[in-house]
Amino acid sequence: MYQSPRRLCSALLQRDASGLRRLTTPGLRRQSPPPAAAPRPASPRLLAAASAASGAARSCSQTVCSMGNGTSRLYSALAKALNSSAASQHPEYLVSPDPEHLEPIDPKELLEECRAVLHTRPPRFQRDFVDLRTDCPSSHPPIRVMQWNILAQALGEGKDNFVQCPVEALKWEERKCLILEEILAYQPDILCLQEVDHYFDTFQPLLSRLGYQGTFFPKPWSPCLDVEHNNGPDGCALFFLQNRFKLVNSANIRLTAMTLKTNQVAIAQTLECKESSRQFCIAVTHLKARTGWERFRSAQGCDLLQNLQNITQGAKIPLIVCGDFNAEPTEEVYKHFASSSLNLNSAYKLLSADGQSEPPYTTWKIRTSGECRHTLDYIWYSKHALSVRSALDLLTEEQIGPNRLPSFNYPSDHLSLVCDFSFNEEPDGLL
């Protein structure tokens, strides 16, 4: 049965009529949360059956999603099928269905729905783009890339122990709308996400209707599976706008360290710009976390660089790498990327006064172990082939507030990074 985009959009972010207030004025700011005694509006519900493909994938994952501790052992059998050598056996975990069969959604309507759901929360933080252009405007529109560890829902509620974050701020019914609002506000052409554990019931069905093609690659032994009532494994997701790019090649990479396969993954895709016919490779990854694993991360980074060296034909294809590296700039893995033969530069260094210093933080949280303020997230790019035309500035300490992240204002403990790229004049030897 045909559904208009408006009705489909409303269905995907359905809400009890008594609790729904539409924002009719663009830019209308939300108010602070009411006192604890005041009743909260009814929670929104994304329809789980948004697409047939998500339903099929969900039925596949239901056998491993609700078991709590020890589930990882059962999931390992499925994980074996997700190695690059056998990924074709389970395509529902890797590539989204044919977008021609999906009814489009007006992004403005979806943004309105999100803001209506969030009307009791404080307003979104204001962040500005910093102009970094040093040359004449490009003849083609820039490529906007967004990097973001969105915080897996199972980890946020069940493992990460954000002691200063109110439990209400972590509820998925509203937090997913904050995530969507951030994406819709910056309208990236390419979206690189980590800690995605709601791919099939939220991001794939919604973003596909906004014109994105998506790929998801879960961790083989996701820690989400040890959380009671989880929604399946978390992993990396990569989305790109189909009206701007054509997929040339896609690789799902399970990272190795010292010849051993690890629990960390990457996605690397070669895209062709439809406006210019120029090709480039975009990659997303999430390296091993925690202190004491520095050598492990270094080995994972070397493995990823070797894979990217092969995919880009020895740097002939320009490259953008987004990720939560779980590594400060002082770590070996950072130095490997900075000194690689792929000729990479970190985009967010360009925001510093000397152009050589990373931001003071990309994540800021308070756990039971104390306050954590680190620079862990990066957007690397081929500096011989690409230029950064602008970058989204970071939140200030005052904006983040004393309770740090996540919060009622911001849905993740990591900040999103957004850059606009353009191709340099085509050097000899580049595709």
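Points worth noting:
- Hits in the range 349-389 - residues which are at positive phi and not in a loop (DSSP other than H, G, I, E, B): 370
- Scanning the range 141-164 for residues that are surrounded by 22 or more Cβ atoms within 10 Å (Cβ to Cβ) and assigned to a loop (DSSP other than H, G, I, E, B) turns up 150, 151, 152.
- Strands (runs of 3 or more DSSP E) contained in the range 167-259 and holding at least 2 residues in contact with a strand residue (DSSP E or B) (Cβ under 7 Å, 6 or more places away or on another chain) and open to solvent by 10 Å² or more (accessible area, probe 1.4 Å): 212-218, 245-257
- If you filter the range 263-279 down to residues that are under 29 Å from residue 295 (Cβ atoms) and touching a Lys or Arg at 6+ places or on another chain (Cβ under 7 Å), you find that the one that is most open to solvent (accessible area, probe 1.4 Å) is 263.
- Filter result for residue 420 (under 27 Å from residue 248 (Cβ atoms), modelled with pLDDT of 95 or more, in contact with a Lys or Arg (Cβ under 8 Å, 6 or more places away or on another chain) and not basic (Lys, Arg)): yes
- Top-ranked residue in the range 355-370 [being of a type in the set (D, E, K, R) and either at pLDDT below 95 or under 17 Å from residue 333 (Cβ atoms) (or both); ranked as surrounded by the most Cβ atoms within 10 Å (Cβ to Cβ)]: 358
- Residue check, residue 289 without any contact (Cβ under 8 Å) to a residue 40 or more places away in the chain, of a type in the set (A, V, I, L, M) and open to solvent by 40 Å² or more (accessible area, probe 1.4 Å): no
- Scanning the range 379-408 for residues that are closer than 21 Å to residue 150 by Cβ, open to solvent by less than 50 Å² (accessible area, probe 1.4 Å) and of a type in the set (S, T, N, Q) yields one hit, 407.
- Criterion violated by residue 349 - all others in (1) over 20 Å from residue 148 (Cα atoms); (2) surrounded by fewer than 21 Cβ atoms within 10 Å (Cβ to Cβ); (3) under 21 Å from the mean Cα position of the chain (by Cα) satisfied: (1)
- Residue pairs whose Cβ atoms lie under 8 Å apart, separated by 6 or more positions or on different chains, with the first residue in the range 219-233 and on the phi > 0 side of the Ramachandran plot and of a type outside the set (Ser, Thr, Tyr) and the second outside any helix (DSSP H, G or I) and open to solvent by less than 20 Å² (accessible area, probe 1.4 Å), are 229/68; 232/197; 232/218; 232/222.
- Close contacts from the range 105-130, counting a first residue that is of a type in the set (Gly, Ala, Ser) and a second that is open to solvent by 20 Å² or more (accessible area, probe 1.4 Å), with Cβ to Cβ under 6 Å and a gap of 6+ residues or different chains, come to 116/20; 116/21; 116/22; 116/23.
- Among the residues here, residue 248 qualifies as β-branched (Val, Ile, Thr), farther than 21 Å from residue 197 by Cα and touching a residue at least 24 places away in the same chain (Cβ under 8 Å).
- Summed over the range 310-346, residues that are surrounded by fewer than 16 Cβ atoms within 10 Å (Cβ to Cβ) and not hydrophobic (A, V, I, L, M, F, W, C) total 11.
The values are calculated or read from the model by the stated rules, or taken from the named source; none is laboratory data. Computed from a prediction, not measured in an experiment: that's the story for all the values here. Don't worry about glycine lacking a Cβ; one is built from the backbone with ideal geometry, like all the others, and counts go over all protein chains shown. For accessibility, only protein heavy atoms count, side chains too; no ligands or nucleic acids. Shrake-Rupley method; radii C 1.70, N 1.55, O 1.52, S 1.80 Å.
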